[in-house]
């Protein structure tokens, strides 16, 4: 199956030093056969919090704009002050490899977060596009990761779409507000009741359950 080997190598990184796979690694591995794209969506969400280069990328690279590799490198220099341009080229190169230089990848092409045009092994351009096919599972997981990072479970749609926002569902995927609100309504009606959303008459409140964690979301929905 395409992309199975890269997933395996990323899940291996969730193993502890006693070589036992972590709980999230087990959940993602078990969910991969039935929901491979959803698993990659969740992996991408985790990378936006756990990887400095991915965090930089989702914070600074806008949607529907074509960048050269050099342009992205120039954006990195002031963010990673004190690190040489040559050194910064290494994580950027690794990011491009994850997106797929010679072949397409799920994160890069299907989820549209790193569409690369290359000439041989050389990256010509990189771009991101809005991804509206995101799964409800990934939306719920993203919301709970965001809530746990912010230490609050009462959110609004507006804050996630604020132009100054650097985290959350829009920065991760570029999903349209209309599509996001439609998924919130679906999750509100889900039998697991993972959230409540008040979206009528100008309201945009999202209330998450404080008794649930991001791991619980995967156990319930994946």
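The values are calculated or read from the model by the stated rules, or taken from the named source; none is laboratory data. In this text, all values refer to a predicted model and were calculated from it rather than measured experimentally. Please note: Cβ atoms are built from the backbone with ideal geometry, for glycine as well, and neighbour counts cover all protein chains shown.
How many residues does the stretch 97-134 contain that are outside any strand (DSSP E or B) and touching a helix residue (DSSP H, G or I) at 6+ places or on another chain (Cβ under 7 Å)?
Qualifying residue count for the region: 14.
Run down 57, 67 and say which single residue is closer than 27 Å to residue 122 by Cα and not in a helix (DSSP H, G or I).
Among 57, 67, only 67 is closer than 27 Å to residue 122 by Cα and not in a helix (DSSP H, G or I).
Return yes when residue 80 is over 16 Å from residue 116 (Cβ atoms), touching a helix residue (DSSP H, G or I) at 6+ places or on another chain (Cβ under 8 Å) and crowded, with 19+ Cβ neighbours inside 10 Å and no when it is not.
Answer is no for this residue.
Can you tell me how many residues within the stretch 122-134 are surrounded by fewer than 17 Cβ atoms within 10 Å (Cβ to Cβ), in contact with a strand residue (DSSP E or B) (Cβ under 7 Å, 6 or more places away or on another chain) and either free of Cβ contacts under 8 Å to residues at least 60 places away in the same chain or within 16 Å of residue 93 (Cα to Cα) (or both)?
Total meeting the criteria: 2.
Here are the criteria: (1) touching a helix residue (DSSP H, G or I) at 6+ places or on another chain (Cβ under 7 Å); (2) assigned to a helix (DSSP H, G or I); (3) closer than 25 Å to residue 184 by Cβ. Tell me which single one residue 91 does not satisfy.
Tallying (1) touching a helix residue (DSSP H, G or I) at 6+ places or on another chain (Cβ under 7 Å); (2) assigned to a helix (DSSP H, G or I); (3) closer than 25 Å to residue 184 by Cβ, residue 91 fails exactly one: (3).
Quick one: which residue in 46, 35 is touching a helix residue (DSSP H, G or I) at 6+ places or on another chain (Cβ under 8 Å) and at pLDDT 95 or above?
After ruling out the rest, the residue left standing is 46.
Grab the helices (runs of 4 or more DSSP H) fully contained in the stretch 135-214, keeping just those with 2 or more residues being surrounded by 16 or more Cβ atoms within 10 Å (Cβ to Cβ) and either in the same structural domain as residue 39 (by TED's automatic domain parsing) or in contact with a strand residue (DSSP E or B) (Cβ under 8 Å, 6 or more places away or on another chain) (or both).
136-150, 177-189
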